[in-house]
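Reading through the structure tokens given below for one structure.
Each value in this text was obtained by applying a stated rule to the coordinates, not by laboratory testing. For clarity, every value in this text was computed on a predicted model and none was experimentally measured. Cβ coordinates were reconstructed from backbone atoms using ideal geometry, including for glycine residues, and neighbour counts include every protein chain displayed.
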Amino acid sequence: MRATRLRGRRASVHPAATAIAAAVLFTSVQFTMASNALADESPSTPPGTESTQPPPEVDGDNPGLKLRDGATLAPAKVLPIIAVVESEGGEERREDTSESVKFALQAEVLFGKDSAKLSSAANSRIAAIAAEIEKQGATKVRVFGFTDNLGSSAHGDVLSKERAEAVHGVLEKELAAAGVTYEIRGYGEQYPIADNSEEEGRKKNRRVEISFPRGATEGSQN
């Protein structure tokens, strides 16, 4: 009889236990979704590379907005349209906005492993970018180096700066008569554009970016 009573008690508690388990599972799902949402946000960009276009003016009192009672508009932001062209293997990437052009070259197409010495094929790739800079009539060029998160942060900072300087050296020769000034920085593992937990992502993060303003003539045609 005692065993029968115990089984009866367990049976009566079971629905409550199921409800608690369901609540815990639901909470777990909520936290998991929030974590994924944060991971999918666009990475931040190096200082000075944000859009300089003023945000549009929006009248928060315009009845056409049909805001609910007590609701207010968040500050307006400029979200520039970006056109992206990437090589099949992802080694080279070009981004165009109404304001600027940015090239990203993976380190593997420019340097040997853990090296800042340019490969034999690197010069022609950089020269092609120099021709685009000249075509746009840009007089200020940013050359930024980046690494993955392997190794020490200090080593990544040094290596990324050395790689940016190596690319700058070729650009300076190609554009010697163009009167271009340069901003050269090494950001190490900061500002990743892909997941560092896998080699495919780390490969994208090991890169040199060359960016410059679009020319007025070229920009007006787009």
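Return an integer: the convex hull volume of the alpha-carbon atoms of the range 74-222, in Å³ per residue.
Values: hull volume 20.6 nm³, N = 149.
So the per-residue hull volume is 138 Å³.
Tell me, what is a quarter of the convex hull surface for the C-alpha atoms of the range 150-222, in nm² with one decimal?
On the way: hull surface 26.7 nm².
Averaged projected hull area, Cα only: 6.7 nm².
Can you check what the net charge comes to around residue 125, using other residues whose Cβ is under 11 Å from the Cβ of residue 125 (Lys, Arg +1; Asp, Glu -1)? It would help to have the intermediate numbers written out before the result.
On the way: positive: none; negative: 91, 92.
Within the 11 Å Cβ shell, the charges total -2.
Between residue 68 and residue 88, what FRET efficiency comes out of the Förster formula 1/(1 + (r/R0)^6) with R0 = 41 Å and r the beta carbon distance, rounded to 0.05?
On the way: r = 48 Å, r/R0 = 1.18.
FRET efficiency, residue 88 to residue 68: 0.25.
Using a Cα-Cα cut-off of under 13 Å, which aspartates and glutamates could be cross-linked to residue 77, ignoring same-chain neighbours fewer than 8 residues away?
Residue 77 reaches 50, 57.
Please give the contour-minus-distance gain from residue 139 to residue 114: 0.36 nm per residue of separation, less the Cα-Cα distance, rounded to one decimal in nm. All intermediate terms of the calculation are to be shown ahead of the outcome.
Working: separation 25, 0.36 × 25 = 9.00 nm, distance 3.12 nm.
Extra length from residue 139 to residue 114 when fully extended: 5.9 nm.
Hey, which lysines would be in cross-link range of residue 204, C-alpha to C-alpha under 21 Å, not counting anything within fewer than 8 residues on its own chain?
Output for residue 204: 102, 113, 117, 161.
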